[in-house]
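The values are calculated or read from the model by the stated rules, or taken from the named source; none is laboratory data. Note that the structure is a prediction, hence the values are computed from the model and not measured. Note that we place each Cβ from the backbone using ideal geometry, even for glycine, and neighbour counts take in every protein chain shown.
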Amino acid sequence: MARHASDLELLRFDDEFDGEIRLDEPLSKHTTYRIGGPAKAFVLVNSVAALNAAMAACAADECPWVLVGKGSNLLVSDAGFPGVALSLAGEFRNWNFDEADHRVVVGAGTILSRLVQEVFHRGYSGMEFAVGTPGTVGGALRMNAGTKDDWIGSRVVSVTTFAPGTGLKRYAGSDIEWVYRSTSFPDDEIIVECELQLEPAVSGSIHDRMKALLDKRKASQPLEYPSCGSVFKNPEGHSAGQLIDSVGLKGSLCGGAQISEKHANFIVNKNNASASDVRTLIERAQEKVKEHYGIELQPEVKFLGFEEDLKI
Ligand SMILES: Cc1cc2nc3c(=O)[nH]c(=O)nc-3n(C[C@H](O)[C@H](O)[C@H](O)COP(=O)(O)OP(=O)(O)OC[C@H]3O[C@@H](n4cnc5c(N)ncnc54)[C@H](O)[C@@H]3O)c2cc1C
C-alpha cells in the first residue's frame, strides 16, 4: 500500500515555498571539517515565511531539526543526522547600515567575514576581532565567537530570534548572557537577525590591527587542513593546546585525523578522516589531560548525530 507523503515531501513541490529542500544531503558538504553523514533533508530557507513553513513541516512530521550555519564549529557523526538541517539564505543574508547611530542590522545567515570586510570598507571599527573567524553571524552569536580579548556579544544592541509556535522575538543585548564561547539563547530558538554597535574608525588603524591578527592566525593555526578551529575551551588559567601538548599528544593520529603538530587544540582532517577518528582523538586528549592534571577539557565544538555522550 502506498504511504502518505510527509509534510516535508509536500513542501518540496510547493511553488510558493521560498527555499530549497535537498533530501539525504551529505553534511560533509556543509562543515569546515568536510566530515559528516547525511541529513534526512537539508533545507535552505530564504525568508521568515519559508522558515515558518519548514518548521511547521518538521513539527507535523515529528522530525527533529537543527540550524546549521557554516558548520565551522560542528562535528557531525558518520551516520549523519536523522532530521532536518536548516540553513539561512536569501533575506537572512542582508545588511543595513545606520550611518547616524553607527550601527548595522544584519541577517544571521550572513557570512561573518563578509560583514567584517563591509564594516572595514565603510570606515567603521568594532569587528576586527572576528577577522579570519569562519562561519555565519548567527553561528557567531550562538557561540559568542571571539578572541581572548573581545567577543561578538560585546557589540550586540539587539537580537531577533524565531521559535516554532511563538514566531519572532526580540532580545536586547543585555537580556542575553554572553560568556566565553557560550550564550543563554534557548536551544529551540533560531537567531535570524541582530543589530551591532560600531564606532567610526581612525584611518589606517583597523587595517593594521586586522592584518596583525590574520598574520598571527596563519603563524599559529594549521589552516592548510580542514578543522573546526579550537576543539576545547581553554580551562580557567590554562591553555587547552599547551595541556594537550604537555601530555605528549601533539601529532597523535587516528585514521585520517591528527592532533595538529602546529597547534595541539586543533584536530585536523588530514586524510579523509571520519567523525569517529576525530572523536577518538578528542577522548584521548580528555583522558590524558585528566590523568595528568585532573582537568576535564570541555569541548567547544558542537556534536551532531552522535548517540553516545563523550565518556568524560
Ligand atoms: C579555522 C577556524 C578558526 C576558528 N577560529 C575561531 C575564533 O577565533 N574564535 C571563535 O570563537 N571561533 C572560532 N572558530 C569556530 C567557529 O568559526 C565559530 O564558532 C563560528 O562562530 C561558528 O559559526 P557557524 O555559522 O559555522 O556555526 P555552526 O558551526 O554551523 O554552528 C555552531 C552552533 O551554533 C548553532 N547555530 C548556528 N547558527 C545559528 C542560528 N542562526 N541560530 C541559532 N543557532 C545557530 C548551531 O546549531 C550549532 O549549535 C574557528 C573555526 C575554524 C574552522
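For Cys63, the stated conditions do not hold, so it cannot be described as touching a Phe, Trp or Tyr at 6+ places or on another chain (Cβ under 7 Å) and not assigned by TED's automatic domain parsing to the domain that holds Glu189.
Would you please name the residue that is nearest to the ligand (Cβ to nearest atom), looking only at residues in segment 102-126 that are out of contact with any Leu (no Cβ under 9 Å at 6 or more places or on another chain) and touching a residue at least 60 places away in the same chain (Cβ under 8 Å)? Among them, the one singled out is Val116. For Lys70, the criteria (1) within 15 Å of the ligand (Cβ to nearest atom); (2) assigned to a loop (DSSP other than H, G, I, E, B); (3) out of contact with any Pro (no Cβ under 9 Å at 6 or more places or on another chain) hold in every case but one, which is (3). Scan segment 130-140 residue by residue and report those that are of a type in the set (A, V, I, L, M, F, W, C) and either part of a loop (DSSP other than H, G, I, E, B) or more than 7 Å from the ligand (Cβ to nearest atom) (or both). Passing the criteria: Ala130, Val131, Val137. Selection of segment 141-167 for residues being touching a helix residue (DSSP H, G or I) at 6+ places or on another chain (Cβ under 7 Å), more than 8 Å from the ligand (Cβ to nearest atom) and part of a strand (DSSP E or B) yields Val156, Val157, Ser158, Val159, Phe162.
Scanning segment 41-50 for residues that are assigned to a strand (DSSP E or B), surrounded by 21 or more Cβ atoms within 10 Å (Cβ to Cβ) and away from the ligand (no atom under 12 Å from the Cβ) yields Ala41, Phe42, Val43. Test Arg209 against the criterion of being in contact (Cβ under 8 Å) with a residue 40 or more places away in the chain, of a type in the set (D, E, K, R) and closer than 30 Å to Gly123 by Cα, and give yes or no. So Arg209 passes the test.
Scanning segment 71-85 for residues that are of a type outside the set (Gly, Ala, Ser), closer than 21 Å to Ala273 by Cα and crowded, with 21+ Cβ neighbours inside 10 Å gives Asn73, Leu74, Leu75, Val76, Phe81. Can you name the condition, by its number, that Thr160 falls short on among (1) without any contact (Cβ under 8 Å) to a residue 60 or more places away in the chain; (2) surrounded by fewer than 19 Cβ atoms within 10 Å (Cβ to Cβ); (3) farther than 22 Å from Leu27 by Cβ? For Thr160, the exception is condition (2).
Restricting attention to segment 168-196, the residues being within 11 Å of the ligand (Cβ to nearest atom) and either surrounded by 17 or more Cβ atoms within 10 Å (Cβ to Cβ) or assigned to a loop (DSSP other than H, G, I, E, B) (or both) number 13. Is segment 6-15 home to any residue that is outside any strand (DSSP E or B), buried (at least 17 other Cβ atoms within 10 Å of the Cβ), under 18 Å from the mean Cα position of the chain (by Cα) and more than 13 Å from the ligand (Cβ to nearest atom)? Checking segment 6-15: not a single residue is outside any strand (DSSP E or B), buried (at least 17 other Cβ atoms within 10 Å of the Cβ), under 18 Å from the mean Cα position of the chain (by Cα) and more than 13 Å from the ligand (Cβ to nearest atom). Scanning segment 22-40 for residues that are surrounded by fewer than 21 Cβ atoms within 10 Å (Cβ to Cβ) and β-branched (Val, Ile, Thr) gives a single hit, Thr32.
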